[in-house]
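The structure appears below as structure tokens.
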Amino acid sequence: FYMPPILHLFLVVTTFSHSRSGHLAQKLAMDLHAQGNMMSAIQHMQSAVKQMPDDTHARFQLACMWEDIGYIDEAESSYQHLASSLDGERFKTYLANVLLDGRGQ
């Protein structure tokens, strides 16, 4: 029986440990994003961030996804979290851009 790769990846994500499933959820989210399935991509990226709260790359990808679909409050919140992290200096520009571009200021 044939199982589409995206379904296989989803099944694997739901059965692994948190750290490993966090990375798989992140991969699934990026695949869904590439297919244009934004809301499912965001749900899986939120899962990845929840499972890997210190992973700035996953949180950055989530912020970008929120921004892509025009959810400025959510993007701002994610960028603010990143800007307050240990290596947050590099994320302050993204936060400024979402505030200026997204809010029309």
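Could you check the spin-label model distance between I6 and N97? Points 7 Å from the Cα along Cα→Cβ, value in nm.
2.7 nm
What net charge is computed for the residues neighbouring S40, neighbours being all others with C-beta under 15 Å from the C-beta of S40, Lys and Arg scored +1, Asp and Glu -1?
Spelling it out: positives minus negatives among the neighbours equals -1.
Send over the per residue convex hull volume for region 32-92, Cα only, as a whole number of Å³.
Cα-based convex hull of region 32-92, divided per residue, equals 73 Å³.
How far apart, in nm, are two points set 7 Å out from the Cα along the Cα-to-Cβ line at R20 and at S84?
Going from the R20 label point to the S84 one covers 3.4 nm.
Please give the net charge around M52, taking every other residue with its beta carbon less than 14 angstrom from that of M52, where Lys and Arg add +1 and Asp and Glu add -1.
Net charge in that neighbourhood comes out at +2.
Readers should treat all values here as calculations from the given coordinates under stated rules, not as data from a laboratory. Remember, predicted model here, so these are calculated numbers, not experimental data. Virtual Cβ from ideal backbone geometry, glycine too; neighbours counted across all protein chains shown.
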